[in-house]
Structures are given as C-alpha cells and as structure tokens.
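Here's the structure, in structure tokens; my notes come after.
The values are calculated or read from the model by the stated rules, or taken from the named source; none is laboratory data. Treat the numbers as computed from the prediction; the structure is a model and nothing was measured. Counting neighbours? That spans all protein chains shown, and the Cβs are built from the backbone with ideal geometry, glycine included.
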Amino acid sequence: MKVVKKLLAICFLLFGIPFSTMAVVDILNPQTTPKDKSDAIAALTILTLPSTAIGGWLIWSLAQQKRKEQALILEAEQKRISLIFLELVDNNAGSITVFQLARNAEISIKDAKQYLDDKAKEPNATFEVNEEGNMLYRFSL
C-alpha cells in the first residue's frame with residue numbers, strides 16, 4: 001500500500017507542479033490573450049491545483065503513517081526493556097548492574113545506564129558501588 005501511495009503521490013506532483021507553474025506564468029504574462037488567461041485559470045483550478053493538493057496530501061499521510069509506526073516500534077522496545085528489567089530485578093533480589101541490563105536487553109551500555117538512572121529516580125531505589133567497582137542499582141521488591 002505504501003508503494004502505491006508513493007507512486008500516486010509522485011505522479012500527482014509531477015503532473016501538478018510543472019503544469020501549475022506553466023498556468024501561473026501564462027496568467028501573469030501581460031502578452032497572453034484574455035482567452036488564454038481564462039483557459040489557464042480553468043486548467044489551474046480544475047486540473048493542476050487539485051493534482052498538487054492530492055499529491056501533497058498523500059506525502060503528508062505517508063509521513064504521518066511512518067511517524068506512527070516509529071512510535072509503535074519505540075513503545076514496543078520500551079516495553080521489552082521494561083520486562084527484561086523487571087525480570088532481572090526479580091531474579092537478582094532487587095539488584096541490577098548496567099552490564100546485566102545491556103547484555104540481557106541487547107542495548108548499548110550508554111542506553112542501559114540512562115535507563116537505570118531514570119529508574120533510580122523512582123521511590124525506593126538506591127545505588128551503590130560493588131567490590132568490582134561497578135554501579136549496583138537496588139530496587140525494593
């Protein structure tokens with residue numbers, strides 16, 4: 001469906017924009033006869049402006065659809081990481097390291113640290129440094 005929308009948008013815009021430009025040039029040209037000007041106005045309003053508007057609307061709807069899909073993907077990823085986080089906290093008696101989350105959730109160390117820092121702002125969360133020098137996040141169960 002996306003491919004069809006893209007092709008239609010391109011076709012409408014490739015027809016609408018150049019012919020709209022030509023019609024406007026004819027309308028603004030002082031040497032154009034009144035009959036040619038009225039024909040150009042008719043072509044502009046009946047054919048080229050609607051074509052350009054439809055092409056623009058199709059492009060806009062494709063962009064909106066892509067934005068929604070990306071939001072759904074991001075939401076699903078956040079849920080996945082949250083479930084892994086909860087499982088790790090449960091399995092480790094409330095403690096978790098950045099490395100554990102990064103490895104299990106298959107995300108970068110930076111993203112895991114940011115996630116745990118955000119989670120540590122919640123009530124009943126603390127953090128400490130373990131014997132190996134790693135930051136250990138503790139969450140009350």
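Evaluate the following for residue 113: is it of a type in the set (D, E, K, R), surrounded by 16 or more Cβ atoms within 10 Å (Cβ to Cβ) and either in contact with a Gly (Cβ under 8 Å, 6 or more places away or on another chain) or more than 30 Å from residue 4 (Cβ to Cβ) (or both)? Yes; evaluated as a whole, the condition is true for this residue.
Residue by residue, here is whether (1) modelled with pLDDT of 90 or more; (2) touching a Lys or Arg at 6+ places or on another chain (Cβ under 6 Å); (3) assigned by TED's automatic domain parsing to the domain that holds residue 140 holds:
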{"site": "82", "(1), (2), (3)": "yes, no, no"}
{"site": "85", "(1), (2), (3)": "yes, no, no"}
{"site": "97", "(1), (2), (3)": "no, no, yes"}
{"site": "105", "(1), (2), (3)": "yes, no, yes"}
{"site": "110", "(1), (2), (3)": "yes, no, yes"}
{"site": "118", "(1), (2), (3)": "no, no, yes"}
{"site": "125", "(1), (2), (3)": "no, no, yes"}
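Residue check: is residue 72 at pLDDT below 95, within 30 Å of residue 105 (Cβ to Cβ) and of a type outside the set (Val, Ile, Thr)? Answer is no for this residue.
Here the condition is being more than 28 Å from the chain's Cα centre (by Cα) and aromatic (Phe, Trp, Tyr); of 15, 85, it holds for 15 alone.
Within the option set 55, 16, 94, being on the phi > 0 side of the Ramachandran plot and surrounded by 13 or more Cβ atoms within 10 Å (Cβ to Cβ) holds for one residue only, 94.
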